[in-house]
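A.B. asks: Take this structure, written in structure tokens, and hold onto it; I'll ask about it next.
The values are calculated or read from the model by the stated rules, or taken from the named source; none is laboratory data. This structure is a prediction, so every number in the text was calculated from the model and none was measured. Reconstructed Cβ throughout: ideal geometry from the backbone, glycine too, with neighbour counts over all protein chains shown.
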Amino acid sequence: MQRQLSIGKSEDAVSPVIGTVLILAIMVTITGTMLAWGIPQIQQSEAYAIYTSAQNNLLNFDADLDHVITQGEGASRASTVSFSSGTFVERDNLDEIRYYYTTVSWSDPKIVGVKEGSTDFAMLDRNEVVDDYRVTLSYPNTCYDSENNEVTYEIVTKEECEDFDYTWVSSGTEWTGTTSAAVVSEFPYPLTYGTSATYTSTSNTTQIGGFYIYGTDALSYRYSSVSGVFKLRMFNGGMFADEPGGDFYTASSPLTRTISDSESYKSFTVYQTDYTVSSAAKTLSAGNFIFDARNDGGNDISLEVYSVRIGVTGESSDGLKRHYTNDLDFIKQTDNFFTTADSVLLAKDYGMISAEEDVVFSQSTSFDFRILERSINVEFSLR
């Protein structure tokens with residue numbers, strides 16, 4: 001009898017192979033998903049940890065700076081500062097701050113066009129009491145390039161300015177003119193950081209108000225990461241922070257002093273700081289440092305006012321204005337531009353295109369407004 005060999009098809013041997021392949025595929029998918037999602041999350045967490053460490057170090061330095069700024073000329077303090085990534089540098093005139101004030105209750109000038117570099121600006125009385133203003137501008141030490149009609153901030157001495165055949169404008173140089181169709185123009189030099197103004201009515205000599213223009217120097221930290229760019233800016237005794245996807249916010253409030261009762265201010269004081277770096281290294285990378293800060297003095301400006309309006313231009317502007325509105329009872333003033341109801345010509349030249357959203361505080365009784373200008377020298381050294 002012949003035995004017939006039969007070879008049948010069996011799926012039993014294939015099943016383990018398929019199962020193994022499926023398991024491997026699932027593991028690869030899970031691993032890939034974890035890598036794709038997990039690594040960026042880890043990197044973002046690391047970036048934020050680096051940033052918060054730098055912020056905490058600089059907040060400690062900011063607290064030491066506050067003591068130096070407020071204790072008067074000659075005050076000094078050394079701070080230890082560390083950061084593992086990013087750069088730290090002093091930056092001149094990073095933002096612009098304009099302080100407008102009124103010294104009477106019966107006139108409220110609407111002023112548009114005041115900023116660094118301006119060769120004209122417009123002003124009109126909201127209360128319609130003053131027809132024309134007499135304006136006096138006072139300039140700081142300035143090196144003026146007449147060919148390009150601009151100020152050269154890099155040149156700070158008369159000798160160097162004249163070496164370039166530029167015009168040296170000495171501190172206290174004044175120009176006086178009057179509004180013509182509500183416009184102030186034909187002053188000899190553009191408005192520059194450090195320029196101040198006072199104004200009266202052309203019909204009498206009573207001072208109605210004035211303004212000051214400042215470029216804010218900032219001690220600035222910047223860290224570029226996979227999450228984006230983190231920024232910290234220290235000026236006027238405060239610190240503002242900007243994190244990826246957000247706007248600048250107040251990490252430490254600028255220095256202000258107020259005296260008030262339940263209904264009004266008796267006194268309102270701001271600090272306006274100017275930073276200079278005396279060490280050879282102007283830019284710092286990651287490391288451990290000693291920051292030595294010294295108060296080199298400055299000027300005290302004291303005015304009896306009925307209102308203070310603050311205009312800010314620059315990346316930190318929204319954060320600074322929120323500080324004033326949230327913490328100091330200022331309100332947003334959004335009508336700082338001219339319409340055709342004011343004048344067709346003014347609307348054309350100083351209309352919405354020139355609009356600025358400032359913050360203002362006003363009251364029916366006068367109060368003491370002070371700007372304390374302070375020059376702070378900072379020296380960096382390795383720890």
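A.B. asks: Give the residue, chosen from ASN326, ASN288, ASN295, that is in contact with a Ser or Thr (Cβ under 9 Å, 6 or more places away or on another chain) and free of Cβ contacts under 8 Å to residues at least 60 places away in the same chain.
C.D. replies: Selected residue: ASN326, the only one of ASN326, ASN288, ASN295 that is in contact with a Ser or Thr (Cβ under 9 Å, 6 or more places away or on another chain) and free of Cβ contacts under 8 Å to residues at least 60 places away in the same chain.
A.B. asks: Separate question: So THR70 ticks every box in (1) modelled with pLDDT under 85; (2) of a type in the set (S, T, N, Q); (3) within 30 Å of THR365 (Cα to Cα) but one. Which box is left unticked?
C.D. replies: (1) is the only condition that THR70 fails.
A.B. asks: Further question on the same structure: Mind counting the residues in region 255-300 that are assigned to a strand (DSSP E or B) and buried (at least 16 other Cβ atoms within 10 Å of the Cβ)?
C.D. replies: The total comes to 18.
A.B. asks: Something else now. Within region 301-329, can you find the residues that are in contact with a helix residue (DSSP H, G or I) (Cβ under 7 Å, 6 or more places away or on another chain) and surrounded by fewer than 20 Cβ atoms within 10 Å (Cβ to Cβ)? Even if it seems obvious, please write down each step before you answer.
C.D. replies: Step one: of region 301-329, the residues in contact with a helix residue (DSSP H, G or I) (Cβ under 7 Å, 6 or more places away or on another chain) are 310, 312.
Answer for region 301-329, where residues must be in contact with a helix residue (DSSP H, G or I) (Cβ under 7 Å, 6 or more places away or on another chain) and surrounded by fewer than 20 Cβ atoms within 10 Å (Cβ to Cβ): there is none.
A.B. asks: Continuing with this model, one more query. Taking GLY177, is it modelled with pLDDT under 95 and more than 21 Å from TYR271 (Cα to Cα)?
C.D. replies: The answer is no for GLY177.
A.B. asks: I've got another one for you. Looking only at residues in region 301-325 that are among the polar types (S, T, N, Q) and in a helix (DSSP H, G or I), which one is farthest from PHE211 (Cα to Cα)?
C.D. replies: THR325
A.B. asks: Can you name the condition, by its number, that ASP92 falls short on among (1) in contact with a helix residue (DSSP H, G or I) (Cβ under 8 Å, 6 or more places away or on another chain); (2) surrounded by fewer than 17 Cβ atoms within 10 Å (Cβ to Cβ); (3) in a strand (DSSP E or B)?
C.D. replies: (1)
A.B. asks: Can you tell me which of THR179, THR119 is crowded, with 21+ Cβ neighbours inside 10 Å, over 25 Å from ASN299 (Cβ atoms) and hydroxyl-bearing (Ser, Thr, Tyr)?
C.D. replies: Step by step, each of THR179, THR119 is checked, and only THR179 is crowded, with 21+ Cβ neighbours inside 10 Å, over 25 Å from ASN299 (Cβ atoms) and hydroxyl-bearing (Ser, Thr, Tyr).
A.B. asks: For region 61-89, what are the residues that are assigned to a strand (DSSP E or B), closer than 27 Å to GLY314 by Cα and polar (S, T, N, Q)?
C.D. replies: Correct list: THR87 only.
Quick grid of which residues meet (1) over 23 Å from ASN377 (Cα atoms); (2) small (Gly, Ala, Ser); (3) touching a helix residue (DSSP H, G or I) at 6+ places or on another chain (Cβ under 8 Å):
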{"site": "SER196", "(1), (2), (3)": "yes, yes, no"}
{"site": "SER201", "(1), (2), (3)": "yes, yes, no"}
{"site": "ASN204", "(1), (2), (3)": "yes, no, no"}
{"site": "TYR223", "(1), (2), (3)": "yes, no, yes"}
{"site": "LYS231", "(1), (2), (3)": "no, no, no"}
{"site": "ASN236", "(1), (2), (3)": "no, no, no"}
{"site": "SER253", "(1), (2), (3)": "no, yes, yes"}
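A.B. asks: Go through region 114-156 and give me each residue that's under 20 Å from PHE361 (Cα atoms) and touching a residue at least 24 places away in the same chain (Cβ under 8 Å).
C.D. replies: Those that are under 20 Å from PHE361 (Cα atoms) and touching a residue at least 24 places away in the same chain (Cβ under 8 Å): VAL114, MET123, LEU124.
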